[in-house]
1. Keeping all protein chains in place and using 1.4 angstrom, which order do Leu410, Leu282 fall into by accessible surface area, from largest down?
2. Using θ = phi - 60° and the Karplus curve 6.51 cos²θ - 1.76 cosθ + 1.60, what whole-Hz ³J(HN,Hα) does each residue of the range 53-67 get, with Gly and Pro shown as x?
3. Just for the chain, what percent of DSSP beta bridges are antiparallel, to the closest 5?
4. Toward the positive end of the charge dipole of the chain, about the Cα centre and with charges on Cβ (Lys, Arg +1; Asp, Glu -1), which of Tyr404, Ala84, Tyr104 goes farthest?
5. How large is the charge dipole for the range 278-333, taken about the Cα centre, if only the Cβ atoms of Lys, Arg (+1) and Asp, Glu (-1) carry charge, to the nearest 20 debye?
6. Give the accessible surface of the chain per residue, rounded to a whole number of Å², with probe radius 1.4 Å and ligands, DNA and RNA excluded.
7. Could you compute how much accessible surface Arg17 exposes when probed at 1.4 Å, giving the result in Å² to the nearest 10?
8. Heavy atoms of the protein only, probe of 1.4 Å, neighbouring chains included. What is the accessible area of Ile446 in Å², nearest 10?
Amino acid sequence: MKNLPQTNYASALQTVRDLKAKYGNTWNAINPENAARMTTQNRFKTGLDIANYTAAIMRKDMAEYDADASNYTQSLGCWHGFVAQQKMIAVKKHHKTTSKRYLYLSGWMVAALRSEFGPLPDQSMHEKTAVPALIEEIYDFLRQADAIELNDLFRRQANGEDVQVEIDNFETHIVPIIADIDAGFGNEEATYLLAKKMIQAGACAIQIENQVSDAKQCGHQDGKVTVPHEDFIAKLNAVRYAFLELGVEDGIIVARTDSEGAGLTQKLPVSKEPGDLASQYLAFVDAEEITIAEAKEDDVLLKRNGKLMRPKRLPNGLYQFKEGTNIDRVVLDCITSLQNGADLLWIETPTPNVKQIAQMVNRIREVEPSAKLVYNNSPSFNWTLNFRNQAYEDMQLEGLDMSYYDKENLMSAEYDGTELCVRADDKIKSFQLDGAREAGIFHHLITLPTYHTTALHMSDLTEGYFGEEGMLAYVTGVQRQEIRKGVSCVKHQRMAGSDLGDDHKTFFAGEKALKAGGAKNTSNQFEAKPKEKKVEKELEIVA
């Protein structure tokens, strides 16, 4: 897929030629072709260039999803620039285009893996500066991927290959990133300041949740405390002002609600007239009817429908919501967010169930027809167990004999390969398409995939390497797989920029350049042999 208009090699070349003419002999050592090549390899000069470019992509994708729900988008969470780089290189290799593929920056992984305090739980205790620092790091690695791939093309062109079409139609590794700002790390001014840093680093989409900033919990843990709508709207405004101040007019705000699993609020908002937002929020607060004589000293009281009510307050000062109001609160949160500047919604759910998600989204769409979700395909869900439960219920409704299955032990490996397992796995496989079509899910993401894959792969390698297999465990489990599958970083020197650096040193120092890519570079062992020679050799053997 050809990208949107990008830096043109010919125009860059002419610009440098004009500059050489302007500055005369002092620029004699500058080669216009080399300078134009480097300019082409570094298309995005600043994070704001990236934010504007990727925001336009997301707006286009959102419009295409509105027209056809099969045009949903996806991302995987990345906790390091290298992880993001290898992901996008693999996307281009396997799927030929980066279209509809994004990146996700998880606050959970920043806390667990990037904090100077060491590993932390997802409770906004990590340094907020770590978030824009990771965004900047990710885009540095993606820009390097562009430079390396284009450098290879320019090398091939210098060797006589006709690759001009590939250069002209080069698709960048730069894609949108949805970045987690947690609950805003403080008041609305703090949110605004951090949002600016994130946007300047390249973020085109910022996800913010309606929890209390200093009491923030992971969306899949207990003890969540939400804020009144007025407080959350102030933070939505803060993010929008940050986008506008920096000139990113298409910036995306993802408003997340944790109300489904939150039973507490820290504040009772002030209602100015019956039925306003504060009044609707207060109606969800659990309270008991009392008389004035029953009121205790320093009690907080409410008047509700002409009655005196005492909100149920915990020893820590938090107020609890009425049982069974969570879904109504989710719907009101989402409608209110969309009516106050949010572009996309995020609903944290206890299980990945398309029907349950659709029920909430359909209620939201009765008021806001264009409502769309970013949905967390979370590793916190036991996907196998959840979908085996769903398949079990479906099979029961069909009247099938379920006596073989123990409903309390469906996770058992004994059921692998059974009809129940096949049905459940089919549901998992189609979950994203079904969710996009039936539940308004525009973007599917996995928050913590590389946290788990790193742990899994290290477990596998460690078992063999420190056991009887020794070095064979690495060779068969890692390097041979890299070679067979054409994984780019098997030539790790090239991936780290060694070839690119050699060419740059040649530009700068000419024949005096000390280069790393000579005959004694062991990376040459991984050079692919031309297929033609292999065929000729086989013919010689046959003859």
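1. On the way: Leu410 0, Leu282 25 Å².
Result of the area sort, largest leading: Leu282, Leu410.
2. Listing the rounded values in order: 4, 6, 4, 5, 4, 5, 4, 5, 5, 5, 5, 5, 5, 4, 7 Hz.
3. Values: 11 of 41 bridges.
Taking every DSSP beta bridge within the chain, about 25 percent pair in antiparallel fashion.
4. Ala84
5. Values: 9 positive and 10 negative charges, 22 e Å.
I would put it at about 100 debye.
6. Working: 27800 Å² over 543 residues.
Ligands and nucleic acids excluded, the figure is 51 Å² per residue.
7. The accessible area of Arg17 comes to roughly 100 Å².
8. So the heavy atoms of Ile446 present about 50 Å² to solvent.
The values are calculated or read from the model by the stated rules, or taken from the named source; none is laboratory data. Just so you know, these numbers come straight off a predicted model, no measurement behind them. Virtual Cβ from ideal backbone geometry, glycine too; neighbours counted across all protein chains shown. Protein only, heavy atoms only, side chains kept; ligands, DNA and RNA dropped before computing areas. Shrake-Rupley method; radii C 1.70, N 1.55, O 1.52, S 1.80 Å.
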